[in-house]
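Data first, discussion second: the structure below is written as structure tokens.
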Amino acid sequence: MKNKFVEFDANGLTYKLVCFFFLGLLSVVIILSYLMYTNFNAITKKQENRHESYLVADLLRQSADDLTRFCRLYIITQDEKYEKMFWEVLNIQNGNLPFPKNYNRVYWDVVLTQEKKVQADLKAESLAAKIRNLGFTTEELIKLKEAKLKSDDLVFIEERAMNAIKGLYRDESGNYTIRDKPNKELATDLVFGPQFHREKAEIAEPINDFFEMIDVRTKNDIEKAVNREKLILVLIFVFITITMLVLFYILIVLMKKTFANKALIEKYNKRLRRDNKLLEENKNELSKATDIAELANKAKSDFLANMSHEIRTPMNGILGFIEILSEKETDAEKKEYLDIINTASNNLLNIINDILHLSKIESGSYSIKKDVVDLYNVVKKSSRLFEEQAKAKEVKFIFEFDDNLKKHVLLCEISILHILNNVLSNAVKFTHTGFVKLSVKELEGGILEIVVEDTGIGICEIKQQNLYNPFDQGEHFLTKKYGGTGLGLPIVKKLVDLMEGEVHYKSVVGEGTTVTILLPFERASDPKSDEIIKAEYIEVKKNLRILSADDVEINQKVLEKMLKGQYLEFKKVYDGNELIAELEKGHYDIVFMDIQMPELNGIDTTKWIRNNSKFRSIVIIGVSAFALGDDAQKAIDAGMDDYITKPYSRSVLVNIVNKWGIKIFAAN
């Protein structure tokens, strides 16, 4: 046996073959690892391409909105700067002018409010170049072109309206050479009339189709990449297993044959250690790839949080002044326009909230916080909103509430409202005749039963299998006809699961749908009545002094207008240092503290106030546009007494001031 091994070792042919085989296996593993890395980059690229595609389509839609806005402003004010802005927007859209620096959805709002001059960014790509470089399919380009053509049709109407203001009218050749009296009534009818609104709404349809095509293409590409990744992982596992078996075979066989040859054993041990090192390096590469994926996911969450902040900040001004204008407006038509803007703005906000809530739930950062709530008032708050919507559609709305539940219970109010709003929204949206019924009652064992029944269009059995898939709204035509993101029921399902409850649904096409939600709950003691204190407080609430700290002037104006005349004094400051200086000069009962401020932010300012014994009794209410971050907890930890999120309504402001005003009055 020993002689055979000596011959084997001297010849070295078998040894070389085994080594070549082993190196081949390692090469395959390395190649597969590289393929997995490139596949991961491809997935990331697809996501980035999808995001850029959304931005391009959104830029086209936003340009159409800006053109309409400046046209209308010019018609109303006859200020030539708005006409100039109209043509600048159109020339930028058509590629006749370069993109300005920092050209985004709020660019023209900044130009309007700060009266900045347009500064061209010569390095920026034109809209046409962006579309070429993103590699859209023919169908997607057709949809974008369709949206552009519809936008051009509106430009024709808007140009005609602006010329009517100047007294210029089209001749037979289509040129504005005929001069006559300015006709503001014609101009107003052209850009505010129902035909204009219908044509403007038609722009959104091809853009929405484009979004869906992008989503489908991206989804298919990512599915292929994921399947490829799974195959690569399986192959890596198989080849690593084979490699380990070969190593094991070499170790066992050669150790048996060369037990007496320590030098040869050491030689193979070195090779084994080297191979193990290579395997460890491959493992580290896979670990790095995992870390990169986690960083990408975190970047997505951070982007969504920042997007929420950037949208909510201007939305606070929009919704706030809409509410203020609606209260003062007596003209029915203008009030209707304000209601339309308010509804559209809130719909946009709801879509953003749905996406952010889903992101937070899926990342595991959403927490259920139980508190003592008046269940009847919570349910009634939600039902009242959708009762009005049903009434507008001539659909009967039925509300039944178990008298045994008209007490305080221990539940998460925010989650309950989100569940109710999503289920009722679907019921009212998809029901055209008949009724929508909401019933709430208590079952045995401390179970809360919420049932929403409707006589709507129903859901077919095949589509019911994907009912809880995010962004899936069943048939394609439903998204086009009814709108929405397809996030309602997926969010409801995830929230109910977090609350350790159950969701059941029964649906028949053409007959309707019934959604049943079961949630465990606990009863809570009713809080002591503050009616006497409230009655006395009403007489003295005008003695309250309120200080607002916010670096955005629009937010300050909204807050001031909503609270103006109700309290003794309202003062504005624009950062933490100014706030501290103002506190040193005079006495204030309540401070509205913006979290994100320059110089000295709201968190650090609050800590300074709480560390100063003179100001510890001041009520501090945090204000932020970060809806899903941890700002609320940071604010409370820093010493703030309460927290509200932008955008807010007058009722939210008045209620929170009265809530803390009562406590201040009771303490004094």
Study note, to complete from the structure: Note on GLN78: of the conditions (1) modelled with pLDDT of 80 or more; (2) within 30 Å of LYS277 (Cα to Cα), unmet is (2)
Practice item. Any chance you could count how many residues in the stretch 158-201 are in a loop (DSSP other than H, G, I, E, B) and out of contact with any helix residue (DSSP H, G or I) (no Cβ under 6 Å at 6 or more places or on another chain)? Key: 9
Check your understanding: Consider TYR588 against the criteria (1) more than 30 Å from ILE311 (Cβ to Cβ); (2) surrounded by fewer than 17 Cβ atoms within 10 Å (Cβ to Cβ); (3) of a type outside the set (Val, Ile, Thr); (4) out of contact with any helix residue (DSSP H, G or I) (no Cβ under 7 Å at 6 or more places or on another chain): it satisfies all of them except one. Which criterion is unmet?
Key -> (2)
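To keep it simple, each residue is scored yes or no on (1) among the hydroxyl-bearing types (Ser, Thr, Tyr); (2) part of a loop (DSSP other than H, G, I, E, B); (3) modelled with pLDDT of 90 or more.
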{"residue": "GLY486", "(1), (2), (3)": "no, yes, no"}
{"residue": "SER529", "(1), (2), (3)": "yes, yes, no"}
{"residue": "ILE532", "(1), (2), (3)": "no, no, no"}
{"residue": "LEU559", "(1), (2), (3)": "no, no, no"}
{"residue": "GLU578", "(1), (2), (3)": "no, no, yes"}
Review point. Of all residues in the stretch 193-232 being more than 21 Å from the chain's Cα centre (by Cα) and among the aliphatic types (A, V, I, L, M), which is surrounded by the most Cβ atoms within 10 Å (Cβ to Cβ)?
Key: ILE203
Exercise for review: Using the structure shown, decide if ALA263 is over 30 Å from LEU35 (Cβ atoms), modelled with pLDDT under 75 and assigned to a helix (DSSP H, G or I).
Suggested key: yes
Review point. Taking the stretch 59-111 as the search range and keeping residues that are surrounded by 15 or more Cβ atoms within 10 Å (Cβ to Cβ) and basic (Lys, Arg), which one is nearest to SER151 (Cα to Cα)?
Key: ARG61
Practice item. Assess whether ILE43 counts as being in a helix (DSSP H, G or I) and in contact with a strand residue (DSSP E or B) (Cβ under 8 Å, 6 or more places away or on another chain). Key: no
Practice item. Kindly indicate whether any position in the stretch 154-161 is more than 21 Å from ARG61 (Cβ to Cβ) and of a type outside the set (Gly, Ala, Ser). Key: yes
Study note, to complete from the structure: Being at pLDDT below 70 and either part of a helix (DSSP H, G or I) or hydroxyl-bearing (Ser, Thr, Tyr) (or both) narrows ASN347, ASN282, ASN377 down to just ASN347
Check your understanding: Does at least one position in the stretch 537-551 carry a residue that is loosely packed, with under 15 Cβ neighbours inside 10 Å, modelled with pLDDT under 85 and under 27 Å from LEU319 (Cα atoms)?
Key -> yes
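Yes or no, residue by residue, for (1) touching a residue at least 40 places away in the same chain (Cβ under 8 Å); (2) crowded, with 18+ Cβ neighbours inside 10 Å:
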residue	(1), (2)
LEU600	no, no
ASP604	no, no
ASN611	no, no
LYS614	no, no
VAL623	yes, yes
ALA635	yes, yes
ALA638	no, yes
TYR648	yes, yes
Exercise for review: Collect the residues in the stretch 607-627 that are in a strand (DSSP E or B) and either farther than 16 Å from TRP660 by Cα or over 37 Å from the mean Cα position of the chain (by Cα) (or both), keeping them in residue-number order.
Suggested key: SER624
Review point. Hey, does the stretch 159-170 have a residue that's of a type in the set (A, V, I, L, M, F, W, C) and under 28 Å from the mean Cα position of the chain (by Cα)?
Key: no
Review point. Can we say VAL56 is surrounded by 14 or more Cβ atoms within 10 Å (Cβ to Cβ), over 22 Å from ILE214 (Cα atoms) and modelled with pLDDT of 70 or more?
Key: no
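The values are calculated or read from the model by the stated rules, or taken from the named source; none is laboratory data. All values reported here derive from a predicted model rather than from experimental measurement. When we count neighbours, we look across all protein chains shown, and the Cβ atoms used for this are built from the backbone with ideal geometry, even at glycine.
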